[in-house]
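Report on the structure given below.
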Amino acid sequence: MQKSPEVLLGKLLRAKGLTFTTAESCTGGLIANRITDVSGSSEYYRGGIVAYAYEAKVALLDVSWDTLRTYGAVSEETVVEMARGARIALGADIAVSVSGIAGPGGGMPDKPVGTTWIGLSTTAGDWARKFIWEGDRLQNKALSADAALQFALDYLEGNL
């Protein structure tokens with residue numbers, strides 16, 4: 001039986017003695033929920049921040065107003081700042097962040113419904129990945145959570 005990404009992530013974090021945190025917008029805490037479904041996750045999971053509005057991203061994650069005004073919430077620049085902000089605020093080694101347009105409304109020609117950016121911040125650097133999902137709102141959120149967990153797994157397995 002294939003182990004879920006949150007179980008694999010926990011095993012790798014525990015083995016490497018690293019801590020993890022999340023900064024979520026469109027997923028609304030779904031990643032945190034999945035991580036905390038794993039028994040023993042308090043050993044490596046510091047917590048998460050759900051920052052949906054611009055004001056929350058600025059106040060809780062130290063995202064720059066200039067970044068939000070210039071690039072918008074659904075951008076590489078914003079998710080990198082979100083992940084870095086969560087990692088620093090919660091004192092973790094690794095953080096993932098997600099910001100996207102889950103749908104069904106909110107899409108624009110340059111950012112259609114399903115557009116999602118996922119950020120990763122570690123003590124070694126920051127990265128981001130872009131996805132465009134084609135599901136409904138709940139499917140897009142689930143796909144985003146899967147991709148964020150996979151991004152952290154890729155980093156921990158040396159596959160970035």
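Just one of the listed residues (LYS111, LYS130) is in contact with a strand residue (DSSP E or B) (Cβ under 7 Å, 6 or more places away or on another chain) and either more than 18 Å from ALA32 (Cβ to Cβ) or small (Gly, Ala, Ser) (or both), namely LYS130. Would you check which residues across segment 124-157 are of a type in the set (Asp, Glu), open to solvent by 50 Å² or more (accessible area, probe 1.4 Å) and either under 18 Å from LEU9 (Cβ atoms) or touching a Pro at 6+ places or on another chain (Cβ under 6 Å) (or both) and list them? The answer is ASP146, GLU157. In segment 19-36, the condition of being more than 16 Å from the chain's Cα centre (by Cα) and under 20 Å from ILE118 (Cβ atoms) is met by no residue. Scanning segment 61-88 for residues that are in contact with a helix residue (DSSP H, G or I) (Cβ under 7 Å, 6 or more places away or on another chain) and aliphatic (A, V, I, L, M) yields LEU61, VAL63, LEU68, ALA73, MET82, ALA86. For segment 22-31, the criterion of being in contact (Cβ under 8 Å) with a residue 40 or more places away in the chain and charged (D, E, K, R) is satisfied by at least one residue. Residue pairs whose Cβ atoms lie under 9 Å apart, separated by 6 or more positions or on different chains, with the first residue in segment 148-160 and under 13 Å from GLU24 (Cβ atoms) and the second acidic (Asp, Glu) and open to solvent by less than 10 Å² (accessible area, probe 1.4 Å), are ALA148/GLU24. Among the criteria (1) modelled with pLDDT of 95 or more; (2) more than 22 Å from ALA124 (Cβ to Cβ), the one LYS3 does not fulfil is (1).
The values are calculated or read from the model by the stated rules, or taken from the named source; none is laboratory data. Computed from a prediction, not measured in an experiment: that's the story for all the values here. Don't worry about glycine lacking a Cβ; one is built from the backbone with ideal geometry, like all the others, and counts go over all protein chains shown. Quick note on the areas: whole protein, heavy atoms, side chains included, nothing else; ligands and nucleic acids left out. Shrake-Rupley method; radii C 1.70, N 1.55, O 1.52, S 1.80 Å.
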